[in-house]
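The values are calculated or read from the model by the stated rules, or taken from the named source; none is laboratory data. All values derive from a computational prediction rather than experimental measurement. Note that each Cβ is placed from the backbone with ideal geometry, even for glycine, and that neighbours are counted across all protein chains shown.
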Amino acid sequence: MWRAFFIMTTIAQLLNRKGATVHTVAPDTLLHEAISTMVHLGIGALVVKAHSSDDLLGILAERDILQRLANGAAYDTALVCDCMSDSLPSITGTHNTNDALQIMTDRRIRHLPVLDNDGRLLGLVSIGDLVKAKLEEQHQAIEQLGNYIGGIPT
């Protein structure tokens with residue numbers, strides 16, 4: 001009997017394909033400098049880390065910036081720490097794309113840090129990264145089903 005073997009992409013596999021580069025910012029950076037960095041790099045979020053350690057303090061995402069500016073934060077003088085989200089869910093490389101999508105959906109976020117077992121930052125996945133991985137998984141499943149159907153003797 002034929003059994004489908006559908007591969008579920010792990011977060012570690014996703015990071016290996018996309019790269020593990022994570023752009024960070026210090027909490028005392030001026031907000032407009034962080035925005036310029038995000039625009040220049042074409043990214044939607046920066047991980048906030050202290051200067052002197054690898055401790056994650058939060059994340060600065062486009063949504064955080066818009067909300068803070070709409071609530072009166074001064075563009076010229078606001079700091080990253082005034083605007084960042086410090087409630088930072090994370091995931092490990094052993095989790096899969098479904099796990100990450102579930103966390104993002106439940107928390108209504110678009111970026112998720114990936115940590116190792118010691119809490120060190122390994123990478124960052126975005127909703128776009130996960131959607132791309134899910135599309136690849138679906139393509140593989142369709143291909144497997146097509147091969148199976150095409151291989152049935154008549």
Just name the residue that is farthest from Leu124 (Cα to Cα) out of those in the range 36-47 that are of a type in the set (A, V, I, L, M) and more than 14 Å from the chain's Cα centre (by Cα). Val39
Which numbered condition Gln13 fails, given (1) at pLDDT 95 or above; (2) within 16 Å of the chain's Cα centre (by Cα): (1)
Applying the selection to the range 26-50, what residues are more than 25 Å from Asn117 (Cβ to Cβ) and in contact (Cβ under 8 Å) with a residue 24 or more places away in the chain? Ala26, Pro27, Asp28, Thr29, Leu30, Leu31, His32, Ala34, Ile35, Met38, Gly44
So Leu66 passes all but one of these: (1) surrounded by fewer than 18 Cβ atoms within 10 Å (Cβ to Cβ); (2) hydrophobic (A, V, I, L, M, F, W, C); (3) under 23 Å from Asn16 (Cα atoms). Which condition number does it fail? (3)
From the set of residues in the range 106-140 that are β-branched (Val, Ile, Thr) and part of a strand (DSSP E or B), which is farthest from Ala50 (Cα to Cα)? Val125
Just one of (1) out of contact with any strand residue (DSSP E or B) (no Cβ under 6 Å at 6 or more places or on another chain); (2) within 17 Å of Thr21 (Cα to Cα); (3) β-branched (Val, Ile, Thr) trips up Val114, so point out which. (1)
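Residue by residue, here is whether (1) in contact (Cβ under 8 Å) with a residue 40 or more places away in the chain; (2) aliphatic (A, V, I, L, M) holds:
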| residue | (1), (2) |
| --- | --- |
| Cys83 | yes, no |
| Thr92 | yes, no |
| Gln102 | no, no |
| Leu112 | no, yes |
| Ile127 | no, yes |
| Leu135 | no, yes |
| Gly150 | no, no |
